[in-house]
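Only the coordinates and a few stated rules stand behind these numbers; no lab work does. These figures come from a predicted structure and were not determined experimentally. Quick reminder, even Gly has a Cβ in these numbers, built from the backbone with ideal geometry, and neighbours come from all protein chains shown.
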Amino acid sequence: HRSAFEEVRFVGSSGAGKVPLGLKRKGLRIVVTGGAGFVGSHLVDRLMARGDNVIVVDNFFTGRKENVAHHFGKPNFELIRHDVVEPLLLEVDQIYHLACPASPVHYKFNPVKTIISFSFLTNVVGTLNMLGLAKRVGARFLLTSTSEVYGDPLQHPQAETYWGNVNPIGVRSCYDEGKRTAETLTMDYHRGAKVEVRIARIFNTYGPRMCIDDGRVVSNFVAQVEGLMRLMDGEHVGPFNLGNPGEFTMLELAKVVQETIDPNARIEFKDNTPDDPHKRKPDITKAKDLLNWEPTVPLRKGLPLMVNDFRKRIFGDHIATTT
Ligand code: NAD
Ligand code: UDP
């Protein structure tokens, strides 16, 4: 296991923390599973910009090659089509494990044998494989878990100490329970095999490159990948809530969307989907205190960025720039 830091010049007499002054970071070898997806591809952009060697592992189940196409041909970028349910042999320093079919739309409309069992397998067997990889090569492993582990919460706002209120037999339980199991495995490998692990519980995130039919409510702009990197490179295992504590009702949100897209758009009221949590709000005290992270993009600023991206993808560039 190679060191992440290379001494280039000594400028200080003493170093605070683990990285002494005067040590410059060398490019790390980082694998991002699910790196062709929405959150993953933004994370890849940040890691590439930092000068790391990035390997994206994705089976393109919900992700798209186009999300990372701008890195093709760069010497520090590699894309591997691979299903994490199958074992994988690589030599890396860090593993960001994001692979998971996440959008609820897929859960509602796909038959058991495809998405449901597949998502559970990805979360359980896929996570086990990536933990096995981390153990073998001594890499640090970060799991992107979800606010769904809190289920329909009885505690509000939700702190990381809350164990959740998940329906084990609901239509989306395979996702919630799959992620809960992934968290369990992560902590088991940490305790039992001394793997360095990090757990982020991401709250609903929106932004450019999101699946157009994602189906989740928008609350947290994708700029929060910064939080994932701080967590990975910091000293704390977690879990950490990464989300926006700004609270609004669905009607308030619909009105902001209306203002952003078209003031004449009609708001329709429909029945809620089964098992949808009634309200949720992250307590992000822990992320603020220990990662020095908090969301910076308010809905009114973030939403137009996503809308513009959607317009481009639906109508093409010329329309998007004229609207
Ligand atoms: P996404 O669907 O855009 O990305 C997931 C990626 O994983 C896709 O590129 C998909 O092709 C890939 N993938 C799925 N199964 C795979 C497998 N078996 N092997 C290899 N690749 C596989 O979803 P996202 O919104 O970017 O979510 C990324 C991660 O963040 C997920 O783990 C998700 O659970 C978590 N998360 C996201 C949100 C959110 O609001 N976006 C909220 C909470 C948690
Ligand atoms: N694994 C992997 N890549 C590796 C090392 C392990 O995909 O580089 C997989 C391995 O196939 C196994 C899982 O990770 O299914 C757990 O591995 P571990 O060594 O922890 O368990 P064991 O193989 O001893 O049961």
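The peptide list 296-308, 129-141, put in order of mean Cβ contacts within 10 Å with the highest first, becomes 129-141, 296-308.
Taking 0.36 nm per residue of separation and subtracting the Cα-Cα distance, full extension of the segment from residue 135 to residue 307 would add 57.8 nm.
log10 I(q)/I(0), Debye, Cα-only segment 163-286, no solvent, q = 0.10, 0.20 Å⁻¹? Listed by q, the Debye log ratios stand at -0.42, -1.38.
Here each label is just a point 7 Å from Cα along the line to Cβ, and for residue 161 and residue 49 those points are 3.6 nm apart. Paramagnetic label reach from residue 290 (point 7 Å along Cα→Cβ; backbone nitrogen cut-off under 13 Å): within segment 194-211, residues 197-201. The calculated FRET efficiency for residue 91 paired with residue 125, based on their beta-carbon distance and R0 = 30 Å, is about 0.85. Overall form of segment 119-160: oblate. Here a/c, set by the Cα gyration tensor axes a ≥ b ≥ c, is 1.5 or more, and a/b is not larger than b/c.
Across every direction, the projection of the convex hull enclosing the Cα atoms of segment 115-210 has a mean area of 7.3 nm².
When the alpha carbon coordinates of segment 245-299 are projected onto the principal axes, the ranges are 43, 28, 11 Å, largest first. As a rough guide to protection, the peptides 29-42, 148-161 ranked by mean Cβ packing within 10 Å, highest first, stand as 29-42, 148-161. A cut-off of 5 Å between modelled amide H atoms, ignoring neighbours fewer than 5 places along the same chain, links residue 57 with 32, 33, 34, 35, 80.
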